[in-house]
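K.L.:
Mind looking over this structure? Questions follow.
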Amino acid sequence: MLSNRQLFLHNLAQTSSTPRLLEIERAEGLYLYDPNGKPYLDLVSGFAVSNIGHRHPSVIQAIQNQLDKYLHLTVYGEFVQTPQVKFAEKLTAHLPSSLKSVYFTNSGAEATEGALKLAKKYTGRSKIISCNKAYHGSTHGALSVMGNDYYKQGYGPLLPDVEFITFNDQTDLNKIDNLTACVIIESIQGEAGIRVPDTDYIRKLKVKCEEVGCLLIFDEIQTGFGRTGKLFCFEHYGITPDVLLLAKGMGGGMPIGAFVASKQVMDVLKDNPILGHITTFGGHPVSCAAGLASLIVITDEELFNTVPKKEALFRDLLIHPKIREVRGKGLMLGIQLDTFQQVESASKLCVEKGVIIDWFLHCDNTLRIAPPLTITEKEIRFACKVILDVLDEI
Ligand code: PLP
């Protein structure tokens, strides 16, 4: 009989020739457990998803309650589904008054796709500006705004009329002009290896977008839901984007995303053509119920307020001759080493020692640290000790 690993390699489409092949039987809180019961402390959160930990009891309860009512009913945007309504109500209550209309999707890439279409339809323009080293998803539109040609090889032609600017470079803002439909930008660049922009840059970007009449799309798919120490990262900069992209940590572990805009902007999707942007499963009732429960945990417990202290502890502990820099904000950190070989061996050894860390798509000399926001001081100390021990070994 074939093992699960063999079946994985046999029957599941492979995305690389070196998959991690870690088999996990269950997960709870901060830990994943393999079939032998070995615990792994999760410092990646399934890539910024499990912000309140794995299988949070409130999320499990909300899912169970919804399972007893209904699963899928019909395509998005037709029936009044209480989980969608309640989730959108709670979410928008935590957003500025200009972000009140939520379009639920299944994933982050779909949120990107919807937002790009929205910007083109709203402005009547086609030029899209994105950033070098950006990552907004892997579907065709999202890939078109990816700021790294390596990942586009073999997939062209992609969307026309996409131009790239350098993240955090004020002089490049001149490329935004009155032909521009939108600027799509991560509030902190994630896959670039965690690059935090200057507040002044983001404010000037916002002013420039207002000047030329294009939409500013903020991708908070990685940064949202408390990860950077605020519920949403744009709060750090004192600006409000025109469109907000959400996913990952939004669903408490269930698949869901959204693009959020003002009612005035969002209303262009309604007609001419009608049904020009639809989805069967977007805003699935079970995902919405889970997302609402997760948001209640994050906001009632003000989890984001615990984040700066945890960031400071990581920074205090992560001192080692092989560490060049610890970058980031909140619990979205990158530990820069010198080479990919170091990163690869360090993450492999950390996993062997029961700590899951990873790296980035566009930055191969940096380790990724994005634990659940619920991580404790004791766990941070343990994780950092393992990382430092491993850096001694490599
Ligand atoms: N945008 C950012 C900033 C991301 O980090 C990701 C995923 O890593 C996406 C978009 C795409 O999200 P998804 O994988 O849910 O399509």
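The values are calculated or read from the model by the stated rules, or taken from the named source; none is laboratory data. Small disclaimer: the values here were computed from a predicted structure and weren't measured. Backbone-built Cβ (ideal geometry, glycine too); neighbour counts: all protein chains shown. We work out accessible area using only protein heavy atoms, side chains counted, and drop any ligands, DNA or RNA first. Shrake-Rupley method; radii C 1.70, N 1.55, O 1.52, S 1.80 Å.
K.L.:
Show the residue pairs meeting these rules: Cβ distance below 6 Å; 6+ apart or different chains; first residue within the stretch 71-93 and without any contact (Cβ under 8 Å) to a residue 40 or more places away in the chain; second residue assigned to a loop (DSSP other than H, G, I, E, B) and of a type in the set (A, V, I, L, M, F, W, C).
P.N.:
Note: pairs meeting the criteria are PHE79/LEU73.
K.L.:
Let me ask another. Yes or no: LEU295 assigned to a helix (DSSP H, G or I), in contact with a helix residue (DSSP H, G or I) (Cβ under 6 Å, 6 or more places away or on another chain), open to solvent by 30 Å² or more (accessible area, probe 1.4 Å) and of a type in the set (A, V, I, L, M, F, W, C)?
P.N.:
Working: assigned to a helix (DSSP H, G or I): yes; in contact with a helix residue (DSSP H, G or I) (Cβ under 6 Å, 6 or more places away or on another chain): yes; open to solvent by 30 Å² or more (accessible area, probe 1.4 Å): no; of a type in the set (A, V, I, L, M, F, W, C): yes.
Against the criterion (assigned to a helix (DSSP H, G or I), in contact with a helix residue (DSSP H, G or I) (Cβ under 6 Å, 6 or more places away or on another chain), open to solvent by 30 Å² or more (accessible area, probe 1.4 Å) and of a type in the set (A, V, I, L, M, F, W, C)), LEU295 does not qualify.
K.L.:
One residue is enough: does the stretch 58-67 have a residue meeting the conditions open to solvent by less than 90 Å² (accessible area, probe 1.4 Å) and part of a loop (DSSP other than H, G, I, E, B)?
P.N.:
Within the stretch 58-67, none of the residues are open to solvent by less than 90 Å² (accessible area, probe 1.4 Å) and part of a loop (DSSP other than H, G, I, E, B).
K.L.:
So CYS214 clears everything in (1) within 12 Å of the ligand (Cβ to nearest atom); (2) touching a residue at least 40 places away in the same chain (Cβ under 8 Å); (3) buried (at least 24 other Cβ atoms within 10 Å of the Cβ) except one condition, right? Which one?
P.N.:
(1)
K.L.:
Determine which member of the set ILE184, ILE194, ILE202, ILE188 is in contact (Cβ under 8 Å) with a residue 60 or more places away in the chain, out of contact with any Lys or Arg (no Cβ under 9 Å at 6 or more places or on another chain), open to solvent by less than 10 Å² (accessible area, probe 1.4 Å) and within 16 Å of the ligand (Cβ to nearest atom).
P.N.:
That would be ILE184, the only listed residue that is in contact (Cβ under 8 Å) with a residue 60 or more places away in the chain, out of contact with any Lys or Arg (no Cβ under 9 Å at 6 or more places or on another chain), open to solvent by less than 10 Å² (accessible area, probe 1.4 Å) and within 16 Å of the ligand (Cβ to nearest atom).
K.L.:
Could you check how many residues of the stretch 337-354 are under 19 Å from LEU30 (Cβ atoms), touching a Lys or Arg at 6+ places or on another chain (Cβ under 9 Å) and in contact (Cβ under 8 Å) with a residue 24 or more places away in the chain?
P.N.:
Residues that pass the stated criteria total 2.
K.L.:
Still on this structure: Any residue at all in the stretch 74-91 that's among the acidic types (Asp, Glu) and farther than 19 Å from PHE281 by Cα?
P.N.:
So far as the stretch 74-91 goes, yes, one or more of its residues are among the acidic types (Asp, Glu) and farther than 19 Å from PHE281 by Cα.
K.L.:
Pick from SER144, SER107: which is in contact with a Leu (Cβ under 8 Å, 6 or more places away or on another chain) and touching a residue at least 12 places away in the same chain (Cβ under 8 Å)? Please lay out each step first, then the result.
P.N.:
Details: SER107 fails: in contact with a Leu (Cβ under 8 Å, 6 or more places away or on another chain).
Going through SER144, SER107 in turn, just one is in contact with a Leu (Cβ under 8 Å, 6 or more places away or on another chain) and touching a residue at least 12 places away in the same chain (Cβ under 8 Å): SER144.
K.L.:
Just to be sure before I move on: is PHE79 loosely packed, with under 13 Cβ neighbours inside 10 Å and within 24 Å of ILE274 (Cβ to Cβ) in the structure I sent?
P.N.:
In short, yes.
K.L.:
Also: Collect the residues in the stretch 150-170 that are at positive phi and under 22 Å from the mean Cα position of the chain (by Cα), keeping them in residue-number order.
P.N.:
Result: ASN168, single match.
K.L.:
I would also like to ask the following. Which residues, counting only those in the stretch 217-240, are among the hydroxyl-bearing types (Ser, Thr, Tyr), surrounded by 20 or more Cβ atoms within 10 Å (Cβ to Cβ) and away from the ligand (no atom under 15 Å from the Cβ)?
P.N.:
TYR237 - this is the single residue of the stretch 217-240 that is among the hydroxyl-bearing types (Ser, Thr, Tyr), surrounded by 20 or more Cβ atoms within 10 Å (Cβ to Cβ) and away from the ligand (no atom under 15 Å from the Cβ).
K.L.:
So which residues in the stretch 308-336 are touching a helix residue (DSSP H, G or I) at 6+ places or on another chain (Cβ under 6 Å) and without any contact (Cβ under 8 Å) to a residue 60 or more places away in the chain?
P.N.:
Once the filter is applied, which keeps residues that are touching a helix residue (DSSP H, G or I) at 6+ places or on another chain (Cβ under 6 Å) and without any contact (Cβ under 8 Å) to a residue 60 or more places away in the chain, the stretch 308-336 yields only VAL326.
K.L.:
Still on this structure, please answer the following. Go through the residues of the stretch 114-137 one by one and say whether even a single one is on the phi < 0 side of the Ramachandran plot, surrounded by fewer than 22 Cβ atoms within 10 Å (Cβ to Cβ), of a type in the set (A, V, I, L, M, F, W, C) and outside any strand (DSSP E or B).
P.N.:
Scanning the stretch 114-137 turns up no residue that is on the phi < 0 side of the Ramachandran plot, surrounded by fewer than 22 Cβ atoms within 10 Å (Cβ to Cβ), of a type in the set (A, V, I, L, M, F, W, C) and outside any strand (DSSP E or B).
K.L.:
Let me ask something else about it. Among the residues in the stretch 161-177, are any among the aliphatic types (A, V, I, L, M), over 17 Å from VAL243 (Cβ atoms) and within 12 Å of the ligand (Cβ to nearest atom)?
P.N.:
Scanning the stretch 161-177 turns up no residue that is among the aliphatic types (A, V, I, L, M), over 17 Å from VAL243 (Cβ atoms) and within 12 Å of the ligand (Cβ to nearest atom).
K.L.:
Assuming LYS329 fulfils every condition listed in (1) open to solvent by 10 Å² or more (accessible area, probe 1.4 Å); (2) out of contact with any Gly (no Cβ under 9 Å at 6 or more places or on another chain) apart from one, which condition is it?
P.N.:
Going through (1) open to solvent by 10 Å² or more (accessible area, probe 1.4 Å); (2) out of contact with any Gly (no Cβ under 9 Å at 6 or more places or on another chain) one by one, LYS329 breaks only (2).
K.L.:
Taking the options VAL243, VAL343, name whichever one is within 15 Å of the ligand (Cβ to nearest atom) and crowded, with 18+ Cβ neighbours inside 10 Å. Steps first, answer last, please.
P.N.:
Working: VAL343 fails: within 15 Å of the ligand (Cβ to nearest atom).
Only one candidate qualifies: VAL243.
K.L.:
A follow-up question, please. Checking the condition in the same structural domain as ILE278 (by TED's automatic domain parsing), of a type outside the set (A, V, I, L, M, F, W, C), more than 16 Å from the ligand (Cβ to nearest atom) and farther than 26 Å from GLU210 by Cα, which residue from LYS127, LYS121, LYS86 passes?
P.N.:
The conditions single out LYS86.
K.L.:
If you don't mind, there's one more thing I want to ask. Give just the number: which of (1) assigned to a loop (DSSP other than H, G, I, E, B); (2) within 12 Å of the ligand (Cβ to nearest atom); (3) not hydroxyl-bearing (Ser, Thr, Tyr) does ALA142 not satisfy?
P.N.:
Going through (1) assigned to a loop (DSSP other than H, G, I, E, B); (2) within 12 Å of the ligand (Cβ to nearest atom); (3) not hydroxyl-bearing (Ser, Thr, Tyr) one by one, ALA142 breaks only (1).
K.L.:
Can you confirm whether ASN168 is modelled with pLDDT of 95 or more, open to solvent by less than 70 Å² (accessible area, probe 1.4 Å) and part of a loop (DSSP other than H, G, I, E, B)?
P.N.:
Yes, satisfied.
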